[in-house]
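Visitor: Sending over a structure as structure tokens; questions will come in a sec.
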Amino acid sequence: MQTLFNVRKQLQAIGDKTLVFNQAERRELTKILFDKEKIEHVLDGRYSGGFALLVATDRRILLIDKKPFFLTMEDVRYDMISDVMFNNRLLNSSLLIGTFSKSITFMAFSQTKIRNMTSFIQEKVMDSRNGHHAPSDYMQPEPQPTESMGAFGLPIKRPMNRNPYNTPVMITRRASKHF
């Protein structure tokens with residue numbers, strides 16, 4: 001857990017000058033961020049539930065919506081993201097972050113901020129897919145492959161505990177005895 005002074009210092013370092021909007025969400029960051037987690041991008045805007053704050057850190061993406069008596073928080077790790085889309089219109093821009101189970105559409109007025117955040121997220125997703133993970137406190141070491149015997153007695157190497165987000169989707173069809 002980080003202090004409010006540390007969070008404000010990180011926000012000033014990236015050029016966040018919002019004084020009025022989403023202050024409750026910025027205070028909530030002190031309870032959400034890990035000790036050594038660094039804020040890279042912050043964006044005020046709207047999503048399907050209303051106004052919120054979108055934060056990209058060096059480890060994950062956070063969507064925070066703090067209302068009286070309610071708190072909505074989405075935590076999306078970079079290895080969970082399947083696609084990132086940027087859309088620019090006349091008055092606003094949108095960022096769509098898609099995972100295997102859900103998608104988050106976030107709209108904001110600042111095209112340059114949302115475009116910079118999009119490129120940062122794309123770089124982090126590519127780094128996580130290529131195996132260039134940043135060392136962190138919550139990541140487990142990669143399992144070592146084990147050998148088993150497959151069809152025709154050939155050895156098959158498989159990792160014991162695979163991350164389901166990094167494996168390709170396998171589609172199997174039921175074979176009928178009449179075909």
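Visitor: From (1) under 17 Å from Met117 (Cα atoms); (2) modelled with pLDDT of 90 or more, pick out the condition that doesn't hold for Phe34.
Guide: Exception for Phe34: condition (1).
Visitor: For the structure I just gave you, tell me whether Met73 is in contact (Cβ under 8 Å) with a residue 12 or more places away in the chain, under 13 Å from the mean Cα position of the chain (by Cα) and open to solvent by 70 Å² or more (accessible area, probe 1.4 Å). Don't jump to the end; show me each part of the working.
Guide: Values: in contact (Cβ under 8 Å) with a residue 12 or more places away in the chain: yes; under 13 Å from the mean Cα position of the chain (by Cα): yes; open to solvent by 70 Å² or more (accessible area, probe 1.4 Å): yes.
In short, yes.
Visitor: Is it the case that Asp83 is of a type in the set (Asp, Glu) and farther than 21 Å from Asn130 by Cα?
Guide: No; evaluated as a whole, the condition is false for this residue.
Visitor: While we're looking at this one, here's another question. Can you tell me which residue within the stretch 76-108, out of those that are among the aromatic types (Phe, Trp, Tyr) and surrounded by 13 or more Cβ atoms within 10 Å (Cβ to Cβ), is farthest from Ile32 (Cα to Cα)?
Guide: Top of the filtered list is Phe86.
Visitor: From the set of residues in the stretch 109-130 that are among the polar types (S, T, N, Q) and touching a Leu at 6+ places or on another chain (Cβ under 8 Å), which is most open to solvent (accessible area, probe 1.4 Å)? Lay out the reasoning, then the answer.
Guide: The initial filter retains those residues of the stretch 109-130 that are among the polar types (S, T, N, Q), namely 110-112, 116, 118-119, 122, 128, 130.
Filter once more, so that each one left must be touching a Leu at 6+ places or on another chain (Cβ under 8 Å): 110, 118.
Working: Ser110: 41, Thr118: 8 Å².
The residue in question is Ser110.
Visitor: I would also like to ask the following. May I ask you to list pairs of residues, at least six apart or on different chains, whose Cβ atoms are under 7 Å apart, with the first in the stretch 1-23 being under 12 Å from Glu40 (Cα atoms) and the second being in a loop (DSSP other than H, G, I, E, B) and open to solvent by 100 Å² or more (accessible area, probe 1.4 Å)?
Guide: Gln10/Lys38
Visitor: Any residue at all in the stretch 2-23 that is surrounded by fewer than 16 Cβ atoms within 10 Å (Cβ to Cβ) and among the aromatic types (Phe, Trp, Tyr)?
Guide: yes
Visitor: Related question: Which pairs have Cβ atoms under 8 Å, sit 6 or more apart or on different chains, and link a residue in the stretch 29-55 that is closer than 14 Å to Asn6 by Cα and open to solvent by less than 10 Å² (accessible area, probe 1.4 Å) to one that is of a type in the set (A, V, I, L, M, F, W, C) and not in a strand (DSSP E or B)?
Guide: Pairs that qualify, where the first residue is closer than 14 Å to Asn6 by Cα and open to solvent by less than 10 Å² (accessible area, probe 1.4 Å) and the partner is of a type in the set (A, V, I, L, M, F, W, C) and not in a strand (DSSP E or B), are Leu29/Val7; Leu33/Met1; Leu33/Val7; Ile39/Val7; Ile39/Leu11; Ile39/Ile14; Ile39/Leu29; Ile39/Leu33.
The values are calculated or read from the model by the stated rules, or taken from the named source; none is laboratory data. Worth saying up front: this structure is predicted, and the values here are computed from it rather than measured. In this analysis, Cβ positions are derived from the backbone assuming ideal geometry, glycine residues included, and neighbour counts consider all displayed protein chains. Surface accessibility is based on the protein's heavy atoms, side chains included, excluding ligands, DNA and RNA. Shrake-Rupley method; radii C 1.70, N 1.55, O 1.52, S 1.80 Å.
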